[in-house]
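Novice: Quick one: this structure, given as structure tokens, is what I'll be asking you about.
Every read-out reported here was derived from the displayed coordinates using simple, explicitly stated rules and does not represent laboratory data. Quick caveat: nothing in here was measured; it's all calculated off a predicted structure. FYI the Cβ positions are ideal-geometry reconstructions off the backbone, even for glycines, and counts take in every protein chain you see.
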Amino acid sequence: MVCRAAVALMSDYIDGRLSSADTARLEGHLAGCPHCSEYLAQLRVSVIVLGRVSFDSLSDEAVEDLVAVFRQWQAG
Amino acid sequence: MLAREVVASDTVAAADDQIALIERLRSGDEAAFAELVRSHQPAMLRLARGFVASQAVAEEVVQDTWLGVVRGIDRFEGRSSLSTWLFKILVNRAKSAGIREQRHRTARGDADDSELSGGFDAGGAWVTPPDVWAEDAEDRIVAEQLAARAREFLDALPPNQREVVLLRDVEGLTSRDVCEVLGISEGNQRVLLHRGRTRVRDALTAEMRGR
């Protein structure tokens with residue numbers, strides 16, 4: 001397996017979606033390739049970092065406005 | 001440390017939580033609705049923004065979506081998760097709004113990704129091997145700094161890739177749910193996710209290089 005092919009499998013590998021055959025091939029390649037192993041570790045970090053992204057929260061006022069819509073609908 | 005595991009019991013607990021939440025919403029529990037708003041609004045805005053030209057229109061789309069949620073919660077059958085259902089309403093409204101705006105969507109994420117990651121030679125081997133930084137990123141302080149920048153990296157992605165990465169890796173929806181929300185095939189979703197993650201990795205590499 002060449003490195004380009006290994007990298008192409010890495011996202012599915014991280015998600016646990018590779019067939020057992022492809023998993024074995026990739027892991028065999030990784031065992032002998034420090035570059036691809038490093039790249040995989042970096043992709044894993046990327047996914048974890050993305051999981052920690054948080055966006056600006058809504059102001060209390062904006063939340064209250066929406067709750068008011070909810071309240072009116074429930075009452076009607 | 002950065003490690004995070006999802007165990008099977010999390011899924012069962014989450015399903016039970018969802019049933020309880022839906023019941024609370026149907027009975028008019030305002031605190032439950034406020035929590036739903038707080039937990040989803042930021043991602044909804046991000047997602048809408050990728051389909052329409054302006055922040056103002058994105059906010060209208062989100063507002064419109066909440067109306068749809070409020071009106072539809074009684075009829076929601078729970079076949080998909082609440083989040084999936086909600087995001088699907090949003091995407092439908094955002095697409096309609098985008099069409100109404102007659103926005104020319106050229107590069108929606110099929111940008112050329114061939115120059116990413118140093119590239120490979122004709123034989124498929126690395127031209128330039130990746131910098132070594134993954135272990136350094138496990139330091140707690142570095143991890144926090146990277147997470148702060150990750151929002152920008154997400155925003156810089158081509159829209160098609162950003163939508164998938166946002167829903168999968170930021171919001172944690174399953175791949176099946178993401179396909180349902182965005183109306184794309186599994187194969188398409190996997191390619192977009194891989195490209196998006198690769199671009200984020202490239203951005204993190206540049207970030208770590210500059211340290």
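Novice: If we count every other residue with Cβ under 12 angstrom of B:Lys88's Cβ, Lys/Arg +1 and Asp/Glu -1, where does the sum land?
Specialist: That works out to +1.
Novice: Apply the Debye scattering formula to the protein assembly as shown, with a single equal point scatterer on each alpha-carbon and no solvent, then give log10 I(q)/I(0) at q = 0.13, 0.14 Å⁻¹.
Specialist: For the requested q values the scattering log ratios are -0.96, -1.09.
Novice: Using the basic label-point model (7 angstrom from Cα toward the beta carbon), what is the A:Val67 to B:Glu135 distance in nanometres?
Specialist: It works out to 5.0 nm between the two label points.
Novice: Moving on to the next point. Per residue of chain B, what 222 nm ellipticity follows from adding -39500 (n - 2.57) for every DSSP H run with n ≥ 4, rounded to the nearest 500?
Specialist: Roughly -20500 deg cm²/dmol at 222 nm, from the helical runs in chain B.
Novice: Follow-up. Project the alpha carbons of region B:43-103 onto their principal axes and report the range along each, largest first, in whole Å.
Specialist: 34, 17, 17
Novice: What's the FRET efficiency of B:Asp121 with B:Glu144 using the Cβ-Cβ distance as r and R₀ = 30 Å, to the nearest 0.05?
Specialist: According to the calculation, E is roughly 0.20.
Novice: Considering only DSSP states other than H, G, I, E and B, which GluC sites (Glu not before Pro) in region B:114-207 qualify as loop sites with at most 16 other Cβ atoms within 10 Å?
Specialist: When the GluC sites (Glu not before Pro) of region B:114-207 are filtered for loop state and at most 16 Cβ neighbours within 10 Å, B:Glu115, B:Glu135 remain.
Novice: Here is a further query. If neighbour count is taken as other Cβ atoms inside 10 Å, put B:Val57, B:Val52 in order from fewest to most.
Specialist: So the ranking, lowest neighbour count to highest, is B:Val57, B:Val52.
Novice: Another question, then. Could you tell me, in Å, what Rg and Dmax come out for the Cα atoms of region B:164-211?
Specialist: In Å, with Rg to one decimal and Dmax whole: 12.7, 40.
Novice: Also: Write out the cysteines belonging to chain A for which the nearest other cysteine Cβ is not under 4.7 Å, or none if no such cysteine exists.
Specialist: A:Cys3
Novice: Treating the angle as unsigned and between 0 and 90°, give the value, to the nearest 10°, between the Cα long axis of helix A:20-32 and the longest Cα principal axis of chain A.
Specialist: 70 degrees
Novice: Another question, if that's okay. Could you tell me how far the Cα centroid of region A:1-73 sits from the Cα centroid of region B:20-80, in Å?
Specialist: One Cα centre to the other: 24 Å.
Novice: Can you tally the net charge around A:Phe55? Count Lys and Arg as +1, Asp and Glu as -1, for every other residue whose Cβ sits under 15 Å from the Cβ of A:Phe55.
Specialist: 0
Novice: Summing +1 for each Lys or Arg and -1 for each Asp or Glu, what net charge is found among the other residues whose Cβ lies under 15 Å from the Cβ of B:Leu154?
Specialist: Around B:Leu154, the surrounding residues sum to +3.
Novice: In addition: Ranking B:Asp169, B:Asp17 by Cβ neighbours within 10 Å, fewest first, what do you get?
Specialist: In increasing order of surrounding Cβ atoms, one gets B:Asp17, B:Asp169.
Novice: Residue by residue through region A:44-52, which ³J(HN,Hα) values in whole Hz follow from phi under the Karplus form 6.51 cos²θ - 1.76 cosθ + 1.60 (θ = phi - 60°), with glycine and proline marked x?
Specialist: 4, 4, 4, 5, 5, 4, 4, x, 9
Novice: Fewest Cβ neighbours within 10 Å first, please rank B:Arg75, B:Arg162, B:Arg140, B:Arg26 accordingly.
Specialist: Arranged by neighbour count, lowest to highest, B:Arg75, B:Arg162, B:Arg140, B:Arg26 become B:Arg75, B:Arg140, B:Arg26, B:Arg162.
Novice: Just tell me how shielded B:127-140 is by partners: mean number of partner chain Cβ atoms within 10 Å of each residue's Cβ, no decimals.
Specialist: Average per residue, whole number: 4.
Novice: Now for a separate question. Name the most mobile residue of A:Ser59, A:Ser37, A:Ser46, meaning the one with the largest mean-square fluctuation, in a Gaussian network model of chain A with Cα contacts below 10 Å.
Specialist: Of A:Ser59, A:Ser37, A:Ser46, the Gaussian network model singles out A:Ser59 as fluctuating most.
Novice: Still on this structure, please answer the following. Counting partner chain Cβ atoms within 10 Å of every residue's Cβ in A:53-66, what's the average?
Specialist: 6
Novice: Just to be sure I understand the model, the point goes 7 Å from the Cα along the line to the Cβ. What's the resulting B:Leu21 to B:Ser81 distance in nm?
Specialist: About 0.8 nm, to one decimal.
Novice: Could you tell me, in Å, what Rg and Dmax come out for the Cα atoms of chain B?
Specialist: For chain B, the Cα radius of gyration and maximum Cα-Cα distance read 19.3, 63 Å.
Novice: Over chain B, calculate the relative contact order: mean separation of alpha carbon pairs under 8 Å at least 6 apart, over the residue count, as a percent.
Specialist: Once normalised by length, the contact order is 21 percent.
Novice: Within 10 Å of each Cβ of A:34-42, how many other protein chain Cβ atoms are there on average?
Specialist: Partner Cβ neighbours, averaged per residue: 6.
Novice: Something else: Please give the FRET efficiency for A:Asp15 paired with B:Ala156, using the beta carbon to beta carbon distance and R0 = 22 Å, rounded to the nearest 0.05.
Specialist: 0.45
Novice: Mind checking the dipole of the protein assembly as shown: about its Cα centre, +1 per Lys or Arg Cβ, -1 per Asp or Glu Cβ, Debye to the nearest 20?
Specialist: With only Lys, Arg, Asp and Glu charged at Cβ, the dipole is about 740 debye.
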